[in-house]
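After the structure tokens below, expect a handful of questions from me.
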Amino acid sequence: MSRAPDRSARQRLVVVLVCFATIVFDGYDLVVYGTTVPAILADQQWDVSPAQAGAIGSYALIGMLIGALAIGALTDIVGHRRVMLLCITWFSIAMALTWLAPNPQAFGLLRFVAGLGLGGVVPTAIALTVEYSRPERRQFNNAVMYSGYSVGGIGAAVLGLALLPQHDFRLLYLFGALPLVVILPIAWKWLPESTAYLVSRGRLREARALADRYGLQVPALQAAAGHLAPPSSRSNGLRVLFSRQYLASTLLFAAASFCGLLLVYGLNTWLPRIMQQAGFGLGSSLSFLLVLNVGAVIGAIGASFVADRVGIRPVTIAAFGCAAAAVVLLAAHQPTAAVFLLVALAGLGSVGTQILVNGYVATTYPDDVRATALGWALGIGRLGAITGPIAGGLIAGNGLGYQWNFYLFAVVAMAGLLLIAAVPAQRRRAARTSRSRSIPFARPAQ
């Protein structure tokens, strides 16, 4: 009798692990640019200025903005599974081509193309992870899954330390093509479709089969007593997001994602260069990037464990506050050990905070518009991701002290704190009420 629940739990874990592995390479493909920025600036043939390096760093993020905003409409048409498979293939091929880039212009264009695929991966992976997790573990599982971003960042830093002294920096981009042969075959075999998507398309038999196989309680959505509601009643994702019930939350989450992603990409792009300006060597500056992402992994998982017990709102507010405090202290002269600790806390407050924001969004909206809500919040948030590298490049190019980067990050973190604190509590209660009224599919008679 106990085997069925155990089997369902293992199968749900496989979904989380596939999404985790995909996000590892999402993180690698983005953080590797920050790892290679010092080498790009030192390359005499390319002759790239700090301002140009900041602009190039934003190209992948512009692609991600477009990809994330398009993902809601695309998943409504083809489903989460196909979107994930398409995006993995897309960004893997683009990363392989980036390895061959002959000049900064081609390099930047290919970074943009890779960003289109990377932008579609994140909201889809979050939506599937949350859907295939038990309600009491959604924040924790999402944090474990999305910590793959920082694991990828750690991999980028480690490979940079090992390879950059002897090899061309473009070699690091070739590793970003590995998902094509490592992850895609596994995802093709084991990644399920979203049950909410199946129900919305009237494919109730398939949704019931998945619900039984994975031990899920699937909201009936358009189904009542086994019959599909008329097509005219099917929810439109954007209409729900901008309805009176969710409008304030939709706008506040997008603005908070702007702040969170500015911190993530500002720090991951420019931290090695900032620490070089502060007097550390290349090896030490890349070590700080490693510590930033280790802090993000440990901090985000721990914070999400707490969030499942005390609520996501206060933990997210505290994480933004942690970011503000850490980067302000980094602007002052500190002992080396203290700098490493503060960088780790900045990892929790940047990458870790965005993980919490993503989880907050995913558990606020109805299941059938979750991917659309995440795509909207992350898509608008990409404007912050684009701003981070550009602002860092402008500060470096204008000869301002490295401290001004940290001052900027502190102001942004405080803005994120205030935005999350302003998310209306009544909207979250309404969302929970909507979910509590959902009708789970009954298991087939044995």
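The values are calculated or read from the model by the stated rules, or taken from the named source; none is laboratory data. These figures come from a predicted structure and were not determined experimentally. All Cβ positions, even for glycine, are placed from backbone atoms using ideal geometry, and neighbour counts span all protein chains on display. The accessibility values were calculated without ligands, DNA or RNA, using every heavy atom of the protein model including side chains. Shrake-Rupley method; radii C 1.70, N 1.55, O 1.52, S 1.80 Å.
Looking at the structure I just gave you, is Thr336 surrounded by 17 or more Cβ atoms within 10 Å (Cβ to Cβ) and among the polar types (S, T, N, Q)?
No, not satisfied.
In contact with a His (Cβ under 9 Å, 6 or more places away or on another chain), crowded, with 20+ Cβ neighbours inside 10 Å, aromatic (Phe, Trp, Tyr) and farther than 22 Å from Leu348 by Cα - does that describe any residue in segment 189-198?
There is at least one residue in segment 189-198 that is in contact with a His (Cβ under 9 Å, 6 or more places away or on another chain), crowded, with 20+ Cβ neighbours inside 10 Å, aromatic (Phe, Trp, Tyr) and farther than 22 Å from Leu348 by Cα.
Would you be able to say whether some residue in segment 237-255 is at pLDDT below 80 and either open to solvent by 50 Å² or more (accessible area, probe 1.4 Å) or out of contact with any strand residue (DSSP E or B) (no Cβ under 8 Å at 6 or more places or on another chain) (or both)?
Yes; the residues of segment 237-255 include at least one that is at pLDDT below 80 and either open to solvent by 50 Å² or more (accessible area, probe 1.4 Å) or out of contact with any strand residue (DSSP E or B) (no Cβ under 8 Å at 6 or more places or on another chain) (or both).
Select from segment 270-297 the residues that are in contact (Cβ under 8 Å) with a residue 60 or more places away in the chain, polar (S, T, N, Q) and open to solvent by 10 Å² or more (accessible area, probe 1.4 Å) and list them in ascending order.
Gln276, Gln277, Ser287
Looking at the structure I just gave you, is Gln105 free of Cβ contacts under 8 Å to residues at least 12 places away in the same chain, polar (S, T, N, Q), outside any helix (DSSP H, G or I) and surrounded by fewer than 18 Cβ atoms within 10 Å (Cβ to Cβ)?
When the stated conditions are applied, Gln105 does not pass them.
Let's see how each residue does on (1) open to solvent by 30 Å² or more (accessible area, probe 1.4 Å); (2) under 13 Å from the mean Cα position of the chain (by Cα); (3) not small (Gly, Ala, Ser):
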position: Arg370; (1), (2), (3): no, no, yes
position: Gly379; (1), (2), (3): no, yes, no
position: Gly388; (1), (2), (3): no, no, no
position: Gly392; (1), (2), (3): no, no, no
position: Val411; (1), (2), (3): yes, no, yes
position: Ala425; (1), (2), (3): yes, no, no
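For segment 24-70, which positions are open to solvent by 10 Å² or more (accessible area, probe 1.4 Å), of a type in the set (A, V, I, L, M) and under 23 Å from Gly155 (Cα atoms)?
Result: Val24, Leu30, Ala39, Leu41, Ala42, Ile56.
Right, Val327: under 17 Å from Pro272 (Cα atoms), modelled with pLDDT under 90 and assigned to a helix (DSSP H, G or I) or not?
no
Now for a separate question. For the condition modelled with pLDDT under 95 and assigned to a helix (DSSP H, G or I), what is the one hit in Ile71, Ile88?
Ile71
Among the candidates Tyr146, Tyr173, single out the residue that is closer than 19 Å to Ala362 by Cα and either of a type in the set (Val, Ile, Thr) or under 22 Å from the mean Cα position of the chain (by Cα) (or both).
Result of the check over Tyr146, Tyr173: Tyr146.
Now, a different point. Within segment 124-181, take every residue that is of a type in the set (Lys, Arg) and not in a loop (DSSP other than H, G, I, E, B) and give me the one that is most open to solvent (accessible area, probe 1.4 Å).
Checked segment 124-181; the qualifying residue most open to solvent (accessible area, probe 1.4 Å) is Arg137.
Related question: Please go through segment 349-368 and give me each residue that is aliphatic (A, V, I, L, M), modelled with pLDDT of 85 or more and under 11 Å from the mean Cα position of the chain (by Cα), ordered by number.
The answer is Ile355, Leu356, Val357.
Ok, one more. Only residues that are in a helix (DSSP H, G or I) and farther than 22 Å from Ala413 by Cβ: list them for segment 246-260, please.
Leu247
Being part of a helix (DSSP H, G or I), touching a Gly at 6+ places or on another chain (Cβ under 9 Å), at pLDDT 85 or above and among the small types (Gly, Ala, Ser) narrows it down to one of Ala346, Ala371, so name that one.
Ala346
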